[in-house]
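Structure first, then comments.
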Amino acid sequence: MATKAPEAILDEAYENKLKGSGLSLKDGVALKFELRTKLAMKKLNVPEYDGFKIPYFDFDGKPTKFFRVRYLEDTRTGFTKMTKAKPLRYSQSAGSLNEVYMPPSLDWGKIAADPSVAIIITEGELKAASAAKFKVTAAGLGGVWCFKSTSREIPLIEWFTKVNFKGRTVYVLFDSDDATNHNVMAAEVELCRQLL
């Protein structure tokens, strides 16, 4: 019985992850995702597991310096692998400040200025990218609390100051576990409170 090469296994895991999010390999190219091995992850200053890099974009659709990585293998080792502990699925370089993921297929400069356009704020880049593929205006947070600023005077990260929210309809749609996960529910409530 022939076994698959590690590269083929990684390629297959990547394609399956995209498909599970309603995206194709062609979409991955358009979104500038970069498939990376453990060794290549080392250069990004993140934990070294196979996965892919997700670049973030500015309001003009140009890549910023911020990125996150999505791992495609089980990151648990030793005892944690035998427990029900959740594996690390995403990471970003230490010390980097959170940004909001704006799929580059949408004109975020126009969207930000026009409060008649409703915006969905969701949890995760892949959900936002999948929505944008179908022309749904969605922005993604890297995590449910990634909207918060590190400053006490400014409660929200910079993105929220660049979007005209006056009179705009905003839908906050985090993962479905908000019904059972108090942390997710609390984040949704706080984001809505800050937007109001």
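Label-point separation (nm) for Ala113 and Thr169, each offset 7 Å from Cα along Cα-to-Cβ?
Those two pseudo-labels are separated by 2.3 nm.
Could you grab the relative contact order for region 1-139? Cα pairs under 8 Å, six or more apart, rounded to a whole percent. Before the final figure, lay out each step's value.
Numbers: 196 pairs, mean separation 27.7, N = 139.
Once normalised by length, the contact order is 20 percent.
Could you give the length gained on full extension between Lys42 and Ser149, defined as 0.36 nm per residue of separation minus the Cα-Cα distance, in nm?
Working: separation 107, 0.36 × 107 = 38.52 nm, distance 2.77 nm.
Roughly 35.8 nm would be gained on extension.
Note down the magnitude of the dipole of the chain about its Cα centre, charges +1 on Lys and Arg C-beta and -1 on Asp and Glu C-beta and zero elsewhere, to the nearest 20 debye. Could you put the intermediate results ahead of the total?
On the way: 29 positive and 24 negative charges, 44 e Å.
Here the chain has a charge dipole of around 220 debye.
Which of Lys17/Lys53; Lys84/Lys127; Lys32/Lys86; Lys86/Lys135; Lys19/Lys42 have a Cα-Cα distance over 23 Å?
On the way: Lys17/Lys53 13 Å; Lys84/Lys127 25 Å; Lys32/Lys86 27 Å; Lys86/Lys135 33 Å; Lys19/Lys42 27 Å.
Pairs exceeding 23 Å: Lys84/Lys127; Lys32/Lys86; Lys86/Lys135; Lys19/Lys42.
Mean-square fluctuation check for the chain, GNM, Cα pairs under 10 Å: which of Asp177, Asp50, Asp114 is largest?
Largest GNM mean-square fluctuation: Asp177.
With 25 Å as the limit, write out which pairs from Lys26/Lys162; Lys26/Lys65; Lys38/Lys133; Lys38/Lys62; Lys38/Lys148 have Cα-Cα distances beyond it, or answer none. Each step should come with its number before you reach the end.
Values: Lys26/Lys162 30 Å; Lys26/Lys65 23 Å; Lys38/Lys133 29 Å; Lys38/Lys62 27 Å; Lys38/Lys148 30 Å.
Over 25 Å Cα-Cα: Lys26/Lys162; Lys38/Lys133; Lys38/Lys62; Lys38/Lys148.
Post the alpha-carbon centroid distance, region 134-196 to region 52-124, in whole angstrom.
14
Given Cβ point charges of +1 (Lys, Arg) and -1 (Asp, Glu) and nothing else, what value in debye, to the nearest 20, does the dipole of region 68-144 about its Cα centre take?
Details: 11 positive and 7 negative charges, 77 e Å.
Taking the Cα centre of region 68-144 as origin, the dipole is about 380 debye.
Solvent-accessible area per residue for the chain at a 1.4 Å probe radius, Å²? Could you put the intermediate results ahead of the total?
Values: 11510 Å² over 196 residues.
Result: 59 Å² per residue.
For region 64-167, what's the relative contact order in percent, using C-alpha pairs closer than 8 Å and at least 6 residues apart? Write down the numbers at each step before the final one.
On the way: 133 pairs, mean separation 26.1, N = 104.
RCO, region 64-167: 25 percent.
Need one number: the % of Cα-Cα pairs in the chain sitting beyond the 19 Å mark. If you can, show how the numbers build up before the last one.
Values: 12091 of 19110 pairs.
For the chain, the fraction of Cα-Cα distances above 19 Å is 63 percent.
First compute the accessible area of the chain with a 1.4 Å probe, then give the percent of it belonging to carbon and sulfur atoms.
Working: 6520 of 11510 Å².
Using a 1.4 Å probe with all protein chains present, the chain comes out at 57 percent carbon and sulfur.
Given the chain, what percent of its DSSP beta bridges are antiparallel, to the nearest 5? Please list the in-between numbers first.
Working: 13 of 21 bridges.
Here the antiparallel bridges make up roughly 60 percent for the chain.
Could you work out Rg/(2.2 N^0.38 Å) for region 81-156, with Rg from alpha carbons only? Provide the component values of the computation, followed by the final result.
Numbers: Rg = 15.0 Å, N = 76, 2.2 N^0.38 = 11.4 Å.
Working it through for region 81-156, the quotient is 1.32.
Given labels modelled 7 Å from the Cα in the Cβ direction, how far is it in nm from Leu88 to Ser21?
In this crude spin-label approximation the distance works out to 1.9 nm.
The values are calculated or read from the model by the stated rules, or taken from the named source; none is laboratory data. Being a predicted model, the structure only gives us computed values, none of them experimental. Methodologically, a virtual Cβ is constructed for each residue, glycine included, from the backbone with ideal geometry; neighbour enumeration extends over all protein chains shown. Heavy atoms of the whole protein, side chains included, go into the accessibility calculation; ligands, DNA and RNA do not. Shrake-Rupley method; radii C 1.70, N 1.55, O 1.52, S 1.80 Å.
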